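Written below as structure tokens is the structure these notes are about.
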Amino acid sequence: IPAISRPLFVPGLALVLLALIFFVFKPWLLEFRSHQEAVASENRLAVIDFTNLSSPDDSLRTGAIIAHLLTTELSRNALINIVSTERIKFVLANYGKAGANFNDPESAVDFSRHAGVRWLLYGSLIEDENKIVIATQLTDAESGNIQSGHRLVSENNETIFSLVDSLAPLIASDLALT
């Protein structure tokens with residue numbers, strides 16, 4: 001039986017030790033993501049302040065209130081990643097689009113690229129003494145294509161809060177189908 005040659009054995013052992021040290025001390029970055037997180041990143045949504053068609057100056061800020069309520073309701077769903085109102089304002093301000101009109105497709109596409117948003121939720125409301133009507137459009141931010149739309153009309157003494165409670169699951173369902 002031939003003896004192991006010392007000159008080949010030492011460099012080989014040193015190489016194995018170096019590889020072992022490398023793998024042990026290398027700062028590994030292991031991330032385990034659930035399917036829900038992957039779906040949430042695909043469903044990144046910005047809820048834009050609703051337009052009050054009954055009161056163009058919207059002194060009571062009803063359109064902003066509806067957007068905030070929907071943002072809160074939708075953020076409870078782990079499958080949807082909602083961009084906060086503050087983040088929307090920050091992105092717009094940083095890219096010189098503060099006060100941008102999202103009815104302008106170029107502004108919407110610019111915003112969506114900077115904020116990493118796939119979907120924009122637009123809406124409008126009409127109020128009179130007897131009822132409230134809320135209409136929404138879930139829009140693909142890049143193409144401008146409408147994915148879905150909803151119209152809710154208040155019954156009897158139904159409030160904006162109950163309409164938003166009815167609307168949020170419909171929008172969540174629309175996003176789950178994309």
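Which residues, taken from the range 142-161, are within 17 Å of residue 71 (Cα to Cα) and either among the hydrophobic types (A, V, I, L, M, F, W, C) or assigned to a helix (DSSP H, G or I) (or both)?
If the condition is that a residue be within 17 Å of residue 71 (Cα to Cα) and either among the hydrophobic types (A, V, I, L, M, F, W, C) or assigned to a helix (DSSP H, G or I) (or both), then 160, 161 are the ones that fit.
Of the numbered conditions (1) crowded, with 18+ Cβ neighbours inside 10 Å; (2) touching an Asp or Glu at 6+ places or on another chain (Cβ under 9 Å); (3) over 18 Å from residue 53 (Cα atoms), residue 91 fails exactly one; give the number of that condition.
Condition (2) is where residue 91 drops out.
Of the numbered conditions (1) over 13 Å from residue 48 (Cα atoms); (2) touching a strand residue (DSSP E or B) at 6+ places or on another chain (Cβ under 9 Å); (3) free of Cβ contacts under 8 Å to residues at least 40 places away in the same chain, residue 127 fails exactly one; give the number of that condition.
(3)
Assuming residue 130 fulfils every condition listed in (1) part of a strand (DSSP E or B); (2) open to solvent by 70 Å² or more (accessible area, probe 1.4 Å); (3) polar (S, T, N, Q) apart from one, which condition is it?
(1)
Tell me which residues, restricted to the range 46-68, are of a type in the set (Asp, Glu) and touching a strand residue (DSSP E or B) at 6+ places or on another chain (Cβ under 8 Å).
Within the range 46-68, the first condition is being of a type in the set (Asp, Glu), and the residues that meet it are 49, 57-58.
Passing the criteria: only 58.
Going by the structure shown, is residue 164 of a type in the set (Val, Ile, Thr) and either touching an Asp or Glu at 6+ places or on another chain (Cβ under 7 Å) or assigned to a strand (DSSP E or B) (or both)?
On the way: of a type in the set (Val, Ile, Thr): yes; either touching an Asp or Glu at 6+ places or on another chain (Cβ under 7 Å) or assigned to a strand (DSSP E or B) (or both): yes.
Criteria met by residue 164.
Scanning the range 129-145 for residues that are within 15 Å of residue 112 (Cα to Cα) and hydrophobic (A, V, I, L, M, F, W, C), which turns out modelled with the highest pLDDT? Break it down stepwise before answering.
Going residue by residue through the range 129-145, those that are within 15 Å of residue 112 (Cα to Cα) are 138-145.
Adding the requirement that they be hydrophobic (A, V, I, L, M, F, W, C) leaves 138, 141.
Details: 138: 93, 141: 86.
So the residue we want is 138.
Would you check which residues across the range 58-76 are in contact (Cβ under 8 Å) with a residue 40 or more places away in the chain, over 16 Å from residue 45 (Cα atoms) and not small (Gly, Ala, Ser) and list them? First the steps, then the outcome.
If we filter the range 58-76 for residues that are in contact (Cβ under 8 Å) with a residue 40 or more places away in the chain, which is where we start, we get 62-63, 65-67, 69-70, 73-74.
Among the residues that remain, those that are also over 16 Å from residue 45 (Cα atoms) are: 62-63, 65.
Hits for the range 58-76 are 62, 65.
Of all residues in the range 24-72, which are of a type outside the set (Gly, Ala, Ser), modelled with pLDDT under 90, part of a loop (DSSP other than H, G, I, E, B) and under 23 Å from the mean Cα position of the chain (by Cα)?
Selection gives 31, 32, 33, 43, 48, 49.
The values are calculated or read from the model by the stated rules, or taken from the named source; none is laboratory data. Keep in mind that this is a model prediction, so the values were computed, not measured. Every residue, glycine as well, gets a Cβ built from its backbone with ideal geometry; the counts of neighbours run over all protein chains shown. Keep in mind that these areas ignore ligands, DNA and RNA; they rest on the heavy atoms of the full protein, side chains included. Shrake-Rupley method; radii C 1.70, N 1.55, O 1.52, S 1.80 Å.
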